[in-house]
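Written below as structure tokens is the structure these notes are about.
The values are calculated or read from the model by the stated rules, or taken from the named source; none is laboratory data. Since we're looking at a predicted model, the values are computed, not measured. Glycine gets a Cβ as well: all are built from the backbone with ideal geometry, and neighbour counts include every protein chain shown.
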Amino acid sequence: MKEISAVSSLVLSVAANIPYINDTIKGRVKPERISWLLWTLLGVTYYFSSVFSDGAKWFTFGELVGPVLILILSIKFGVGGKSRFDKYSLGVAFAAFCLLFVLEGVLISLLLALLIDAIGAVLTIRKLLLDPASESRGFWGLTALAAFMALLSLRIYNLETILFPAYVLVLSIFITIKIDPTKEINIKQVQRL
């Protein structure tokens, strides 16, 4: 059962990127550039953290594939990265990222990574609150389901192994609820980010 949950989390995590990528190319979704940069950097960190702590390896690998592709698309189709808030957020995130390589301990590293991830989440949530149609409900819903399956797949339940998938589950549910696809994208409002 654990193996089925692990494979399911991977499949769902990777599949979640399909509607996001499709909606981005069609102009329905506007990825927040700094968020996806941070999530790409962290995808590598989470994956290796899960490898060393016997965590949700399949899920974290799936969480790495999509951000790389979406980051590339965000260069052309995304928003953000120019405001003072974005620049400060990026500075704090990079400082925390540097600390990942200086401080020792799996839990400390994981908490720093979650801080960086949360900075990316705040930037995306900020954009979403200004433009409720600028995110993909399919992506965030499937990501929530993938995180739930990742939690079920764990062989060891401790703070280090449950923290990331539980965080992704809560974040994804919140964003899914806040998305309102009936609202038209207001490019000028979002571009001010």
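So, in the stretch 97-135, of the ones that are among the β-branched types (V, I, T) and surrounded by fewer than 17 Cβ atoms within 10 Å (Cβ to Cβ), which residue ends up modelled with the highest pLDDT? Residue satisfying both the conditions and the ranking: V122. Of all the listed residues (I25, I34, I72, I21), the sole one being among the aliphatic types (A, V, I, L, M) and without any contact (Cβ under 8 Å) to a residue 12 or more places away in the chain is I72. Taken over the stretch 75-103, the criterion of being among the basic types (K, R), free of Cβ contacts under 8 Å to residues at least 24 places away in the same chain and closer than 28 Å to A16 by Cα is satisfied by K76 alone.
Checking each residue in the stretch 37-50 for being in contact with a Lys or Arg (Cβ under 8 Å, 6 or more places away or on another chain) and free of Cβ contacts under 8 Å to residues at least 24 places away in the same chain picks out only Y47. Would you mind stating whether L128 is touching a helix residue (DSSP H, G or I) at 6+ places or on another chain (Cβ under 6 Å), within 13 Å of F164 (Cα to Cα) and either in contact (Cβ under 8 Å) with a residue 24 or more places away in the chain or of a type outside the set (S, T, Y) (or both)? Here the answer is no, as L128 does not meet what is asked.
Only helices (runs of 4 or more DSSP H) whose full extent lies in the stretch 1-73 are considered here, and none of them has at least 1 residues that are modelled with pLDDT under 90 and at positive phi.
Does the stretch 146-158 include one or more residues that are more than 12 Å from the chain's Cα centre (by Cα), among the charged types (D, E, K, R) and crowded, with 20+ Cβ neighbours inside 10 Å? The answer is no; no qualifying residue exists. Close contacts from the stretch 138-150, counting a first residue that is among the polar types (S, T, N, Q) and a second that is assigned to a helix (DSSP H, G or I) and surrounded by fewer than 24 Cβ atoms within 10 Å (Cβ to Cβ), with Cβ to Cβ under 6 Å and a gap of 6+ residues or different chains, come to T143/S172. If you go through the stretch 104-117 and keep only what is touching a helix residue (DSSP H, G or I) at 6+ places or on another chain (Cβ under 7 Å) and without any contact (Cβ under 8 Å) to a residue 24 or more places away in the chain, you end up with L112, L115.
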